[in-house]
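Single-structure report; data block below.
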Amino acid sequence: MAVLYSSRSLPEGDLKGELLKRDPTLDYRIWPDTGAVEDIEFAFVWNPEPGDLARYPNLKVIFNLGAGVEKLLLDKSIPAHVPIVRLVDRALTACMTEYVVMHVLRHHRRQVDIEANQRARKWDPFEMPPAWERKVGVLGHGVLGGDAAEKLVHIGFDLAGWSRHAKTQAGVVSYHGWDQLPAFLARSEILVCLLPLTADTAGILDAKRLAMLPRGASVINAARGGHVVDKDLLAALDSGHIAQATLDVFHQEPLPADHPYWAHPRVTVTPHNASLTYDASVAPGLLAAMADLKAGRPLANVVDRGRGY
Ligand code: NDP
Ligand code: OXD
């Protein structure tokens, strides 16, 4: 039994060290030095070589080292019987919540305007409403959206979430399904996107949906660049309908140097680091999931390939 680490874009980091510290018996291989393909039973992947995961006849499970699986699912050669598990991890969630809370507060308190005023040496003590008068909408009321919503509720914001199924969460009004999306958007003065990128959600933030937000709304996208139609967002920013945007993810990453987002005065660009995969945090969960599989217990967080997340 061997485990394979396979990524074309993420250097191995210290996952091996973190795993071996806890289980020194682990036979850990790093792609492309896989050894005998028959040995590989578990794969930890982030952006693996397309086609590679079909080479391991005894592969039992694929652990994606991130929450988003949209690129992995493009590889149709991955055997249908091998479950794909997406990353749900305490540090991944906590850091995303830090990001969301920080940027919601920045938009709520108009920090971008305060910083522009400082550069202009302008003293303008404008009034800000308390958090309970600010409506925040979390598009994607899942693991990350739910945790961010919980912390925002503690601060006092008026929260709503949108998901496929109705949710019950203290202090959060649940909207679900496409029928309820317009009402959800109409109340979202600060919109946070934490949806998975799927065939259904691609391009969800287009001109039509942005126009449903209240005038002066802010948009925070920490999900995937493919959720936003860039030209529509830029037009909405330029018309003043959208006051500000914070964007962590883009159609092309790194964001090309000539992209208009870089220099837009009301856009904050962050380099897809809203949250990251922290080896020390994920190692115990990966070992526990492998133990579950060996003991015949059901795996958690298995991706529904048909649904796309
Ligand atoms: P989850 O699967 O836990 O949550 C996804 C949510 O989106 C669920 O509430 C789901 O509804 C909802 N959803 C999906 N499709 C639809 C739809 N068609 N209509 C309505 N609601 C829908 O995912 P996570 O919270 O763990 O992660 C979300 C995304 O965040 C990832 O896919 C990834 O792209 C991104 N991400 C970005 C990072 C960054 O650094 N920028 C870091 C980590 C993740 P339901 O619950 O009803 O199924
Ligand atoms: C993820 C990410 O999907 O880091 O986990 O973007």
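The values are calculated or read from the model by the stated rules, or taken from the named source; none is laboratory data. Since we're looking at a predicted model, the values are computed, not measured. Don't worry about glycine lacking a Cβ; one is built from the backbone with ideal geometry, like all the others, and counts go over all protein chains shown. Protein only, heavy atoms only, side chains kept; ligands, DNA and RNA dropped before computing areas. Shrake-Rupley method; radii C 1.70, N 1.55, O 1.52, S 1.80 Å.
Taking the Cα centre of the stretch 120-188 as origin and charging only Cβ (+1 Lys, Arg; -1 Asp, Glu), how large is the dipole, in debye to the nearest 20?
Numbers: 8 positive and 7 negative charges, 30 e Å.
Dipole size: approximately 140 debye.
For every helix of n ≥ 4 consecutive DSSP H residues, a contribution of -39,500 (n - 2.57) applies; sum these over the chain, divide by its total residues, and give [θ] at 222 nm rounded to the nearest 500 deg cm²/dmol. Walk me through the numbers on the way to the answer.
Details: 9 runs with 91 residues, N = 309.
Counting only the DSSP helices, I get -8500 deg cm²/dmol.
In Å², and per residue, what accessible area does the stretch 161-234 have when probed at 1.4 Å with the other protein chains present? Before the final figure, lay out each step's value.
On the way: 3010 Å² over 74 residues.
Solvent-accessible surface per residue comes out at 41 Å².
If Lys and Arg each add +1 and Asp and Glu each add -1, what is the summed charge of the other residues whose beta carbon sits under 15 Å from the beta carbon of residue 243?
Net of charged neighbours comes to +3.
Which value in Å does the Kirkwood hydrodynamic radius of the stretch 165-209 take, with 1/r averaged over all unlike C-alpha pairs and then inverted? All intermediate terms of the calculation are to be shown ahead of the outcome.
Working: mean 1/r = 0.0838 Å⁻¹.
Radius from the Kirkwood sum: 11.9 Å.
Please report the accessible area of residue 173 (heavy atoms, 1.4 Å probe, ligands and nucleic acids excluded) in Å², nearest 10.
70 Å²
In whole Å, what is the distance between the alpha-carbon centres of the stretch 154-214 and the stretch 47-88?
Spelled out, the Cα-based centre of one part sits 29 Å from the other.
Expressed as a whole percentage, what fraction of the accessible surface of the chain belongs to carbon and sulfur atoms when a 1.4 Å probe is rolled over the protein heavy atoms? Provide the component values of the computation, followed by the final result.
Values: 8200 of 14800 Å².
Roughly 55 percent of what the probe reaches on the chain is carbon or sulfur.
Can you tell me the orientation of helix 279-294 relative to the chain, as the angle in degrees between its alpha-carbon axis and the longest Cα principal axis, to the nearest 10?
Tilt of helix 279-294: around 50 degrees.
Percentage of Cα-Cα pair distances in the stretch 1-84 greater than 19 Å, rounded to whole percent? Display every interim value, and only then the final one.
Numbers: 1115 of 3486 pairs.
Here the tail beyond 19 Å accounts for 32 percent of pairs.
Given the Cα atoms of the stretch 92-157, and with Rh set as the inverse mean 1/r over their pairs in the Kirkwood sense, what is Rg to Rh to two decimals? Could the numbers behind the result be given before it?
Values: Rg = 13.9 Å, Rh = 13.1 Å.
Rounded to two decimals, Rg over Rh is 1.07.
So what's the projected area for the chain, the Cα convex hull averaged over all directions, in nm²?
17.5 nm²
Of the residues 223, 80, 183, which exhibits the maximal mean-square fluctuation in a Gaussian network model of the chain defined by a 10 Å Cα contact cut-off?
With Cα springs under 10 Å in the chain, the top fluctuation among 223, 80, 183 is at 80.
Given just the C-alpha atoms of the stretch 175-309, how large is their convex hull per residue in cubic angstrom?
Working: hull volume 18.4 nm³, N = 135.
Given the Cα convex hull of the stretch 175-309, per-residue volume reads 137 Å³.
Let's test the formula: R0 of 25 Å, r as the Cβ-Cβ distance of residue 186 and residue 164. What FRET efficiency results, to the nearest 0.05? Don't jump to the answer; show the numbers that get you there.
Values: r = 19 Å, r/R0 = 0.78.
Working from the Cβ atoms, E equals 0.80.
Put 45, 37 in order of accessible area, largest first, 1.4 Å probe: what do you get? Don't skip to the answer; put the middle values down first.
Numbers: 45 0, 37 35 Å².
The residues order as 37, 45, largest area first.
Along the charge dipole of the stretch 45-108, pointing to its positive end and built from +1/-1 on Cβ of Lys, Arg, Asp and Glu, which listed residue (56, 88, 107) has its Cα farthest out?
The residue sitting most towards the positive pole is 88.
With angles folded into 0 to 90 degrees, how steeply does helix 230-239 sit against the dominant principal axis of the chain? Use alpha carbons for both and round to 10.
The answer is roughly 20 degrees.
So for the chain: antiparallel DSSP bridges make up what percent, rounded to the nearest 5? Before the final figure, lay out the partial values.
On the way: 3 of 45 bridges.
In the chain, DSSP labels about 5 percent of beta bridges as antiparallel.
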